[in-house]
Structures are given as C-alpha cells and as structure tokens.
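Everything below concerns the one structure shown next.
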Amino acid sequence: MNDPTFEPPQINTSPNEDYSIRNRQWQGIPGIERAPNGRLWAVWYSGGTGEGPDNYVLVVTSDDDGQTWSEPVLVVDPPGMVRAYDPALWIDPTNRLWLVWAQSYGWWDGRSGVWVATTEESDSSDPSWSAPRRLCDGIMLNKPTVLSDGRWILPAAVWESEPRGRGINESFLHDLGDLKGGNLFVSTDQGDTWDLLGQTRVDKRVYDEHMLIERNDGSLWTLVRTAYGIGESVSFDGGKNWSEGKPSGIRNANSRFHIRRLNSGRLLLVHHDPPGEFDGAPPRSHLTVHLSEDDGKSWKGGLLIDERKGVSYPDAVETDEGVIYLIYDHSRHEAMEILMATFTEEDVLAGKAFSDAAGLRMVVSRK
C-alpha cells in the first residue's frame, strides 16, 4: 500500500476564499523571513477546528514593512488524512527562500516528514516555487543553522509520542525506535542532500523543537523544549556525539522558544518569563527578549514583547542594519492573532521599545 504522506502535495499559488481568515476557526505556529529588498514573508498553519488531518500551511507577504499583509498567496493542503503543519521559513546563504513544513498521516503517525519548496525570487510578490521534495523523517519547526565551516544543520525531531488520531489506518503508523529524538541532519552541498549527523536526547523533552547555536569555543549547543522549560545538550565533535541532556537553567513555558546569533555576536533569546515562582514550567505569558554576551552563561536586558496569556511560538529574523523582526501567535482559537514586533539590541538592553525601529503588537492576521 502506498503511503500517502510520501505523495508531493500541490503548491497552490492561487488559493480561493476557503483559505481566507473569514473561514478559519483557529490559527497559529508562525514563522517569518525578510527578502533582500525588504519584502516580508510569514507562514503559519490552520484548517479544521484544531491540530489534525484538516491542517494546511499558508503563506502571506508584505511589501510595506509589515504595515499591511496580503491574503494567503500560497497554500499547502495535502488531500485526505494527510496534514501539513509546523512550517518554517528560511533564507539560505545563497538567498533562496525555503518554505518547510511537516506531513503526517493523522495527528501523528510516528514518523512524519520534512518537506520543502524553494524560490530564488523572494523579492517578488509572485515568485516561482520548486516542486516539493521530502528531505528526511521528522519535523523541522525552527530554521537551520549554518556553521563556520560551511555545513548546514537542519534540526528535525521525531516525537516520543505514540502515534494517534481519529479514524487513522494503522498500516500508516510507524515506530522509528532509536530515531526518536532531536535529530540533526547535515548538508555539505548547499541543501541538495541531507544526512543524519547526530541526535540529542533530553529527559522530559516535549516535541523537541530544538535549536542549535555554534559557540565561540567551537562547541555546538542545542536547546530543547521540555516539560520544565528548556533542556540542553552539548557536542564537542562537530555534532556527532552529544552530552547527556540536562536542564539549561533558562526559564520558559512548556512551549517553543527562539534563540539565534545576532550580527553583533550576541545571542538573542525569546522566551516566556512571567514574574513569580511556579511549580514546574511557567505559563505561556510575558513573552520576553534577552541578550547574552557570553554564549548563554548570563543574560542582559529584558524587553517585554507581550504580557498576555496565550502568547507563544516566537520566530525571528535580523536585518543587516540590526533590526529584529519577531512573529508570534496569541489566542489561537479566540482572537486568532498572528502578531509582529520590531526592535533593536538597544531596545532589549534598555528594557523598553524606544528606538525608531521599535514597534509592538503589529497585526499580521486576526479574526
């Protein structure tokens, strides 16, 4: 029996009213990128009443620095019981824009798969896209990392969760055994091929959603979503072998976070940092930005992006001029907000959005 998750879906560049905000019942899990000419791209997923086989990925764009956004200009909506979810956008060192998403049979088939379509026309409002291709097993929610030696590292997780979903055909369910973990795939040919490099396994991991940082001493540092917040693992051999996972000491909800190396050399961290003490991970509120000048040993500043409950899943990109564009969701089923913030390192260090580039709670999409 042919596995439907291996069937390339259509890249729909003329989506109809079915995909309009007026016809969505929920939405969330966004990503963002910025083209060389300043065009902004955003992605998230929706479909059905929540996470499940009706899910589709949608892409919107802005040519006025996020003041206004288009209706969906691209949709990936596999047929039948296959869902498209957990998307990401990434502009690689050759200036190709990558649209990445996961495909699973039902909510979770035990394997999923990382799919990608690319364009070399990210400056255009109507770019041509490559045919979709499957890269590997798992789910890549966060952008790849380019190492100083030129290797591209793709973080693709295979969840520990047992396969599940309503009305699923058990012949399409899988148990990948030792491949369950925060897998890291490497490419040495600018993304043409990808090979499994190594794997992190952190206790109490939840969907992994891992991100990779190359530290100044040459080691690789992976942060992983866990039930208590954020766990960590370190590699001293280029990513083949990893230390036993442990708590990182970084506060966060049981939710996605974002970390990246900035042009300045500092690390940027976006996480949940509500006041008070909590028995376990804090709630999804007080989305906050900090900076580190010592590869994550300590953190400075503290720019509060959004204090409300139900804010989550940040993704960010930095311009050559040092302006950071951050996207996140709020109240996925009620307000259904996809929001953007812009700021600089100076805003973060000052703990307030005071620069000319700063803006908070800018609407990308809402019901």
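The values are calculated or read from the model by the stated rules, or taken from the named source; none is laboratory data. This structure is a prediction, so every number in the text was calculated from the model and none was measured. Heads up, the Cβs are rebuilt from the backbone with ideal geometry, glycines too, and the neighbour counts pull from every protein chain shown.
Tabulated results
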{"quantity": "Extreme residue, farthest from M81 (Cα to Cα), among residues of the stretch 164-185 that are surrounded by fewer than 20 Cβ atoms within 10 Å (Cβ to Cβ) and at pLDDT 90 or above", "calculated": "D178"}
{"quantity": "The listed residue being at pLDDT 95 or above, closer than 30 Å to D329 by Cα and not in a loop (DSSP other than H, G, I, E, B), out of R251, R260", "calculated": "R260"}
{"quantity": "The stretch 1-50 - residue that is in contact with a Ser or Thr (Cβ under 7 Å, 6 or more places away or on another chain) and of a type in the set (F, W, Y) and, of those, nearest to V75 (Cα to Cα)", "calculated": "W41"}
{"quantity": "Positions within the stretch 137-155 being part of a strand (DSSP E or B) and over 22 Å from D77 (Cβ atoms), in sequence order", "calculated": "T145, V146, W152, I153, L154, P155"}
{"quantity": "Only one of T118, T94 that is out of contact with any helix residue (DSSP H, G or I) (no Cβ under 9 Å at 6 or more places or on another chain) and within 18 Å of L58 (Cβ to Cβ)", "calculated": "T118"}
{"quantity": "Filter result (under 15 Å from S70 (Cα atoms), assigned to a helix (DSSP H, G or I) and free of Cβ contacts under 8 Å to residues at least 60 places away in the same chain) within the stretch 19-35", "calculated": "Y19, R22"}
{"quantity": "Number of the exception - H290 against (1) touching a residue at least 12 places away in the same chain (Cβ under 8 Å); (2) closer than 24 Å to I139 by Cβ", "calculated": "(2)"}
{"quantity": "Subset of the stretch 223-242 (residues that are within 30 Å of S285 (Cα to Cα) and among the hydroxyl-bearing types (S, T, Y))", "calculated": "T226, Y228, S233"}
{"quantity": "Given (1) in contact with a Ser or Thr (Cβ under 8 Å, 6 or more places away or on another chain); (2) surrounded by fewer than 20 Cβ atoms within 10 Å (Cβ to Cβ); (3) acidic (D, E), number of the condition D295 does not satisfy", "calculated": "(1)"}
{"quantity": "Wholly within the stretch 49-94, strands (runs of 3 or more DSSP E) carrying at least 1 residues that are under 19 Å from the mean Cα position of the chain (by Cα) and hydroxyl-bearing (S, T, Y)", "calculated": "56-62, 82-91"}
